[in-house]
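What follows is calculated from the coordinates using simple rules that are stated; it is not laboratory data. The structure presented is a predicted model; accordingly, all values stated were derived computationally and were not measured. Cβ coordinates were reconstructed from backbone atoms using ideal geometry, including for glycine residues, and neighbour counts include every protein chain displayed.
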Amino acid sequence: MQEKNRFWGGFAKLVSLNVVLTLMAVLLVLPFTWMILASLKVLDEIGYDSWLPEVCQWHNYRDVFTRKGIFFGRWYWNTVFVSCWITFLQVFTSSLAAFSFSRLRWKGRDKVFFLYLATMMLPGLVMMIPNYQNMILLGLVDSYTGLILPAAFSAFGTFLMRQFMMNIPKSLDEAAEIDGATKWQLYWDVVLPLARPALVTLTIFTFIGSYNNLFWPLVLMKTPDKYTLPIGMLSFQSSQGQETNLLMAAVAMSVVPMIVIFILMQKQLVKGIMLGGVKG
Amino acid sequence: MAMTKKDVKDLAIGVGFLLPNILGFLAFTVIPLVMSIYMAFTDWNLEMHNYFRSEPISFVWFDNFVKLFSDPDFPQYFGNTFFMMIGIPFGVAGSLVAALLLNMDFVKGDNRKRLTVTMILTAVMVSCFGLLAVLGLGGTGMMILMVSLVGGVFILGSIGGKTVYRTLFYFPYFTAGVATYILWKKLYSPENGPINNALRPLLDALTPVAILISPACEAIGIGLLVVVGLFYLCMVRRKLRLWRDGESGSVSIWLGMILSSLPLVFAWWWVSPTWLHIAGKEEALSLLSRNANWVLLLMLIFLGIGWGRFLYNFFFVGRKYTCIIDRGIGDSTIVDGSAMVLNMALVGLCCVFWILPEMAAAEEGLTPPNWTSDYYWAKPALLIMGFWGAIGSNNMLLYLAGLSGVPQELYEAADIDGATPWQRFWNITWPQLSNVTFFIMIMAVIGGLQGGFDMARVMTDGGPAGSTTTLAYYIYTQGFGTGRLGYASAVSWLLFLMVFIVTMFNWKFGNRYTNE
Amino acid sequence: MKKLFITILLLLVAASFYTMYTSRDQVTEVPVITWRTDPNPQREEQIMLFREWLVENGHVLKDSQGNVVTYTEEEAAALNEAYGPVGAPLKPGDLHYVKPGSPKPNGDVQLETANNQSTLIQAVSGMAGDVFDTGEVLGYSQLGVAMDITEDAKKNGYGLKNTYPGMAGLLNGMDGKQYGYPCNGASVAMWINLSTLEKFGFSRPPLEWTPEEFEKMAIEYVKKANEGLPRQEYFFLQALDSGWGVMMAMCISRSRGLDIYNETMTRCIANNDALKDAIRLFYKWTYVDRIAPTAADVASMNVDSGYGGADYSNFVSGKYAMIVMGRYCLIRFREVQEARNMTIQFGVSQLPMYDYKNHPLSVRAAMPYRGSKQPELTKLFLQFLASKAYNLYIVEHADGLPPNPDIVSAEMRAIATKRPNEHDSSELEFIWARTIGLPSYYSPYVKTGSTNWLQNGINRYFNDRSSLDETLEYIETRYNSEIEISKKANPAMMKAWEEDWALQQKIDAFKKEGKKIPVEWIKNPFYVKYYRDRGMLDESNAGGSK
């Protein structure tokens, strides 16, 4: 009898917990639901009380690509292209630097690291204005290079990687050294594979960060077909923003890559954040 | 200090690994940094110094900063930046709640239980659909949509457990950017956005209720203020107790006292007739002034009691207490700061009650707000959106990590003592999470100081009438909009100064707080 | 790990090549200029015209031996495909049909229509399009980014003489040199949807009306149109806290002889009764009489927008009975009629105003960029804007006022009568622009890109942020502090301002004594015209010293 009571008690608890969590989750997901449904409506239906479209207008998604002055496909490509470059450079150089900071001993290392740390405090805005002047000097305004380079090296990435690498046991280095491995091999074959969660975390953060970046492309890019999605969406909104259904289709499509990345990588990401985060 | 051959070799290898990163770092961080400091003290503006024209740039010392502080709009933008940070405690609390819920036992529910849940739920859903089909309720489509959404999440969640919910919670944060801001702009559309569409019938239903309680509104308002005052007194008592227990030094209690007094002063100021008169809002004056004396009196009483107790303790009793002067500052910032925000919200609610009768008596009854196109609602609208994104953020994950680090023995011991869940939380979980909370708060404040650009640019263009222009957006309009680079740099360095203070605060007190 | 990195690197390099290859900036055989302008569908056709115009005027592409290069079969086919509507390439006999074997123009124009609002910063960085559309030539010329075209313009017929007299101030720099030529003029008038009016039993309003007459009709209209509706759907005109509202306020204020700036434009004088009354009226119209929508009303109207924005659509669909706008609203109007296969009657009136009739002109000026890599072609393009072909096109297709009115004035009547449902509106506006047209307010001392404080002030007032007196005080002080800031930032401007300020003192003294004011003292085009019309101007010395 008591066994049964415990069963039903636990059951009630589980159900109520699920109910609460479900309600929270649904509330958070509602805007996305509306977005998808609105993107399938004809324009006149948008203001209706019912969220459901009478007939699903799947062609709205196609229309986004064929609109004049809206180079949606191109923007998509540009964004992914630029973000990939930034992410690659960021992850690669940061991990090298972090390796140097965490596992090599050299004179002045800690001072240099302190400099890195100190700049992390700076608001990004401080650097934007002079950076723009530099871009003018280098002739990189309105170019992909100008979009990629300033974002590709950050103190944050180095910091995150270093924190993680500090926790990889030092004994591995010694063992490798006894085997006659060079530092280069140590980096590639020992430390990097072990730093995988941090690599993934940094990859995702950087990718999402540059995928969403608005400020820098906004001031830097001029030619419409070199736009990235955020400024592309902005100009879509300002030129044809009243067409809510198309706009929502565009929004949905620009959110999709992020959701896909998240679902694919979430295990690693959660692990990375949990391992590296608090110690910052 | 000669360097040995090995030193040199080590240096070469070390720098070699660092090289790719540090070159970029120097070029795109350090050099601009130095340039920026220089620019902040010059009259660099694009009208005189550009691609086609290079007049000499003159060094103007602190002119830009003087200009900044004499700019009539600056206080507003500065205030906006801080106002937008009101969302932080709510967001963090949301994350904490989400983390606590997610941390509850999912695993122990064995498969049999889960199966039962799933089966029952499916049955409930099917019967819901059946019911809908038979009764043909109004707006059937919407009902089916909602039921299937809730049911779908429920079933998925019961099967998948934690992971499913965590993923769903994390979506808003993960996707935040221009796209979701555009989405919210549409959600907020006053006449046909889904938010107001949903609010309208609700408010229509509420109108008679509001009219009904109209006579009592004033009393409710005053009642709320009493709650504010009592809460304030509680905070004072708590501070004094902490002081007595040697957990907070005098800096901390002064800080705490001032922070917790602010909402009361604010309430007083808000209804103060002189202030309303300055703003030239005679109608508003008539609306509120009848409460003004009450509020003044109430707030004075509470402030008097609070400060009286405090000063009495401080000057007569406190001498006996020996506590390190800067102890417990972290605590007073977080707890008292959050309490302040909560109390401010209560004061706001009280104001709502006072205006409620007029609003309900209007011809159309209660109407939903115009959100981003309304001066007063624009900021709250952005805050709500921020809250949506903040619940399932990295903070939630950090809390989850923190929760998994809480030793189970503590809970077991508490269970033996027969502690209630509430006590368990305040005595075990909260102190154990304090370092996480502190870290999150500091990061959020630093982020908040620099924030608001994207939202303002996408949703409001800083308007209406500058109500959503934060410092970051101001820097953009000044630097890139009108080309006053020197001035914009000066603003950005002011921003830096604030971030610097917060960071220093973190370094100085963060560790002490978390290690205790 | 290593392999992964190298693979990613290789992929990225490949992607870079692909991106570079598919980017638009490839080398072409002819010089190309970019034209930064609005996303008006007619721009494409205007470019076709430009290509034809180049060929007609002998600017054809020649190879190294000096032979004229002609279109091959494939090139012509591709162009006809691109020129025609989707799926229906142009056939022989169609307008703009490209014949294989016809000569190629030595130049081309690329459109840049996306709006990302970083124009200023990019212009001063040497990165703007070769020609860009702006209403603020003056401001840009002060940044030093505009090309001086005074001489070339005089020689090739696109000078100030060849456009509206009231437009001069909008095309000149502070130094008196010409920096732009209109690609179309815009004058602001009240466009009226007569069919909508008729639907609710109202007849055509007079061509000239006072704010009181306007208000009377508006209140009646709104009452009648919204009878029995759960919430107000019909308004008399568009939102007044917009840029258009500002135009209207200025017009009303000017009709009582007061501008936003003083005679030398050295100080803002917005804090005057005329403007105050106008803004008070606007508030009443928006919140009390409800003849104009509030910001919230606008935000909630869910309309298909297309070219020209939401105001346009609301006007066309009859939500607004009238709209303050330039002549280009005709484009959309005609489009809609065609699409719905119906005829809508409509006409034009002057903005409601008091005694001194004036007609605000603004300009969509093509401003050649100083950093242009093709200065010759850029100038040719401006020359094209003054050509008969282009002006006729503008008149015919309603894309604003023709930049060169003289060249088409003979044809105007005939074109206007072609569309009876437009009730001579094109011609009326054309005449007003030429006779009572005045540039909208501006001051050389208020920078491009700075906030429109007049609109901002109206917004504050509409949002109950300040009282009316405070609002006007606010507008005036804000503009004056802008003037202070730009003065201090630029020594040359400081000097100019001080000279002008000295003149202003003299003007004020003259005014007090009731003496006639020498025309060369006055910089504000409104006052030049106003004083002239009132006989308060001394023009004996005009053009003498300078």
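For the reader, a short list of remarks on this structure follows.
- Take each residue of peptide A:250-263, count the partner chain Cβ atoms within 10 Å of its Cβ, and average: the result is 4.
- For peptides C:484-495, C:202-213, C:275-286, C:179-190, sequence by mean Cβ density within 10 Å, most packed first: C:179-190, C:275-286, C:484-495, C:202-213
- Simple Cβ-charge dipole of the protein assembly as shown, Lys/Arg +1 and Asp/Glu -1, about Cα centre, in debye nearest 20: 3560
- Sites residue B:344 and residue B:163, calculated FRET efficiency, Cβ-Cβ separation with R0 45 Å, nearest 0.05: 0.75
- Eligible lysines near residue B:185 by straight Cα distance, threshold 16 Å, same-chain separation 8 or greater: B:379
- Over segment A:67-276, relative contact order from alpha-carbon pairs under 8 Å, at least 6 apart, %: 36
- Residue C:342-residue C:481 pseudo-label distance in nm [points 7 Å out on the Cα-to-Cβ vector]: 5.1
- With N the number of residues in chain B, Rg(Cα) / (2.2 N^0.38 Å) evaluates to 1.17.
- Helix content alone sets the calculated 222 nm mean residue ellipticity of chain C: runs of n ≥ 4 DSSP H residues at -39500 (n - 2.57) each, divided across all residues, give -14000 deg cm²/dmol.
- Mean silhouette area of chain C, derived from the convex hull of its C-alpha atoms and averaged over all directions, reads 33.2 nm².
- Using the Cβ-Cβ distance between residue A:265 and residue B:426 with R0 = 41 Å, the FRET efficiency computed as 1/(1 + (r/R0)^6) comes to roughly 0.65.
- In plain terms, the residue of C:5, C:346, A:113 with the fewest other Cβ atoms within 10 Å comes first and the most crowded comes last, giving C:5, A:113, C:346.
- Rh (Kirkwood; distinct C-alpha pairs) - segment B:357-507, Å: 19.2
- Report note on the peptides B:298-308, C:72-82: ranked by the mean count of other C-beta atoms within 10 Å, highest first, their order is B:298-308, C:72-82.
- One decimal place: the segment residue C:284-residue C:219 gains 22.3 nm when fully extended, by the rule 0.36 nm per residue minus the C-alpha distance.
- Segment C:189-361: relative contact order in percent, alpha carbon pairs under 8 Å with at least 6 residues between: 45
- Of the DSSP H helices in chain B, those whose Cα atoms cover at least 27 Å axially and whose Kyte score averages -0.5 or more: B:5-25, B:111-135, B:140-160, B:194-244, B:250-271, B:282-312, B:337-361, B:430-450, B:485-505
- Cα gyration tensor, segment C:435-485 - rounded (a/c under 1.5), prolate or oblate: oblate
- Between the C-alpha center of segment A:104-178 and that of segment A:195-215 there is a gap of 14 Å.
- Whole-Å distance, taken between Cα centres, linking segment C:1-74 and segment C:492-546: 51
- Beta bridges per DSSP with both ends in chain C, % antiparallel, nearest 5: 65
- Gyration tensor (alpha-carbon) shape descriptor, segment C:423-546, a/c threshold 1.5: oblate
- Computed E for residue C:392/residue A:23 - FRET, C-beta separation, R0 51 angstrom, nearest 0.05: 0.20
- Spatially close Lys pairs in segment C:14-170, defined by Cα atoms under 24 Å apart and a spacing of eight or more places or different chains, total 4.
- Peptide C:127-134 - average C-beta neighbours from other chains (10 Å radius): 2
- Separation in nanometres of the label points that stand 7 Å from Cα toward Cβ, at residue A:49 and residue B:297: 4.7
- Eligible aspartates and glutamates near residue C:515 by straight Cα distance, threshold 16 Å, same-chain separation 8 or greater: C:263, C:533, C:538, C:539
- Taking segment A:67-276 as the region of interest, the number of lysine pairs whose Cα atoms are within less than 18 Å, with members eight or more places apart or on different chains, is 4.
- Near-label residues of segment B:145-164 by backbone N, under 11 Å of a point 7 Å along Cα→Cβ of residue B:103: none
- The slack in the chain from residue C:155 to residue C:317, taken as 0.36 nm per residue of separation less the alpha-carbon distance, amounts to 53.7 nm.
- Put a dot 7 Å past the Cα of residue C:520, heading toward its Cβ, do the same for residue A:174, and the two dots end up 9.4 nm apart.
- Three-way shape call for the protein assembly as shown based on the alpha-carbon gyration tensor, with the a/c threshold at 1.5: prolate
- Rounded to 5, percent antiparallel among DSSP beta bridges of the protein assembly as shown: 70
- The slack between residue A:56 and residue A:115, meaning 0.36 nm per residue of separation minus the straight C-alpha distance, is 15.6 nm.
- Other protein chain Cβ atoms within 10 Å, averaged over every residue that makes up C:484-495: 3
- Taking the C-alpha atoms only, the angle from helix C:2-22 to the longest principal axis of chain C is near 80 degrees.
- Chain C: relative contact order as a whole-number percent, Cα under 8 Å and 6+ apart: 20
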